[in-house]
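Here the structure is laid out as structure tokens; the discussion comes afterwards.
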Amino acid sequence: MTGRRVRSPGRVTRSLVASLLLVVAACHPSTPIAGHAAHPTRSDLIGAWHLVSIQRDTPSGRSSDPFYNEGSTGLLIYDPSGWMSVQIVGRSRAPTPIPIVRPDPTDTPATAPLRAAALDTYYAYLGTWDFDETTSTVAHHVTASLYPSEAGATYRQSISLNGDELIFTTRRTTAVGVIIQRKIWRR
């Protein structure tokens, strides 16, 4: 005998399985380990997400977002080809009659307040997107928006994944201090 160690088949199998699990974990860094937030990849974002909540932290504490308010709903879609769209609807939308056809904006001045209220409680845009995995930053390149002046804008947001939740975080410095907004989306 040459002094070579011979392993039992059970020991080789356990060792092989453990090695394979380490390789799989390394190939899928988006899989959370022991309750830690995942490091997202571009493919993790693809699909449809619904809005769970919008949280806004100010120097004086947590508050409702002044545009969307509490209880908003929304839909965010990332397409694998690089297109995206987002829609957010405020909870306090005034009911309006359902028209048979799309209303003509020149019909009556009385519709102006209804249109203004609808505009103040709804937000949407579409465009292309990309994701920087090194900084966990998603960029939305606006092609068209409810607000025409946003066409051509790029909005960047830091993201994190926590289980089935996608969390967008933006930080703004204002005259009253730092405001942190989190939009929480779920599959």
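Touching a His at 6+ places or on another chain (Cβ under 9 Å) and in a loop (DSSP other than H, G, I, E, B), is that true of Gly152? Yes; evaluated as a whole, the condition is true for this residue. Of all residues in the range 133-163, those satisfying the criterion of being more than 14 Å from the chain's Cα centre (by Cα) and of a type in the set (D, E, K, R) are Glu133, Glu150. Going by what's in this entry, would Ala48 be described as in contact with a helix residue (DSSP H, G or I) (Cβ under 6 Å, 6 or more places away or on another chain) and either surrounded by fewer than 17 Cβ atoms within 10 Å (Cβ to Cβ) or without any contact (Cβ under 8 Å) to a residue 12 or more places away in the chain (or both)? In short, no. For the range 126-160, filtered to residues that are aliphatic (A, V, I, L, M) and at pLDDT 95 or above, the residue that is nearest to Ile46 (Cα to Cα) is Val138. Filtering Val6, Val24 for residues that are modelled with pLDDT under 85, closer than 24 Å to Phe131 by Cβ and among the β-branched types (Val, Ile, Thr) leaves a single hit, Val24.
Scanning the range 51-81 for residues that are assigned to a strand (DSSP E or B), of a type outside the set (Ser, Thr, Tyr) and surrounded by 13 or more Cβ atoms within 10 Å (Cβ to Cβ) yields Leu51, Val52, Ile54, Gln55, Arg56, Asp57, Gly74, Leu75, Leu76, Ile77. Looking at the structure I just gave you, is Leu76 hydrophobic (A, V, I, L, M, F, W, C) and modelled with pLDDT of 95 or more? For Leu76, the condition - hydrophobic (A, V, I, L, M, F, W, C) and modelled with pLDDT of 95 or more - is met. Residue check: Gln181 meets all listed conditions (1) farther than 22 Å from Ile46 by Cα; (2) assigned to a strand (DSSP E or B); (3) modelled with pLDDT of 95 or more but one, namely (3).
The values are calculated or read from the model by the stated rules, or taken from the named source; none is laboratory data. Predicted, not measured: the structure shown is a model, and the values here were computed from it. Positions of Cβ are backbone-derived with ideal geometry, glycine not excepted, and every protein chain shown enters the neighbour counts.
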